[in-house]
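Worksheet: the structure to be examined is printed underneath.
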Amino acid sequence: LRRIPPVLIEWLFRAHQQHSTTLAYDDYLSAILQLLSGLDQFNPASSILYLLYNAGLITATQGAHLSLLFVDDSAMLLTGCTLHDTHSAIRGIMSSPGGVLDWAMTHNCEFGIEKFQL
């Protein structure tokens, strides 16, 4: 895989267990909410952790002419001779076994597909 030392994985797991937050606005203060995923904001390790987290997404986009990742943003560039060819290539990368949607499912990731541009 990514050759991350098990001791580091165990430390990260422990460091991100039992995270919680409250929502506060105006005169409202929510009950404590348990967080099931995500990284601490302002944690200096966050950018490195995102690189490790997103590394598999580059593999899932094989076939794209260009794949870019920056923290929690991603982009891929595909071209085709026709709109149909391009759409088929995108569909293949997204929905093929081991593709982007499979990666997202195993990484607790949700894409804003309504933002996609063709």
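We did not get these values from a lab; they are worked out from the coordinates using the rules stated. Since we're looking at a predicted model, the values are computed, not measured. Virtual Cβ from ideal backbone geometry, glycine too; neighbours counted across all protein chains shown.
For the reader, a short list of remarks on this structure follows.
- Residues of segment 55-114 classified as in contact with a strand residue (DSSP E or B) (Cβ under 8 Å, 6 or more places away or on another chain), small (G, A, S) and free of Cβ contacts under 8 Å to residues at least 12 places away in the same chain, total: 2
- Of the strands (runs of 3 or more DSSP E) lying entirely inside segment 27-118, the ones with 2 or more residues being on the phi < 0 side of the Ramachandran plot, within 13 Å of the chain's Cα centre (by Cα) and surrounded by 10 or more Cβ atoms within 10 Å (Cβ to Cβ) are found at 66-70, 73-77.
- Hits in segment 3-22 - residues which are surrounded by 10 or more Cβ atoms within 10 Å (Cβ to Cβ) and free of Cβ contacts under 8 Å to residues at least 40 places away in the same chain: L8, I9, E10, W11, L12, A15, H16, H19, T21, T22
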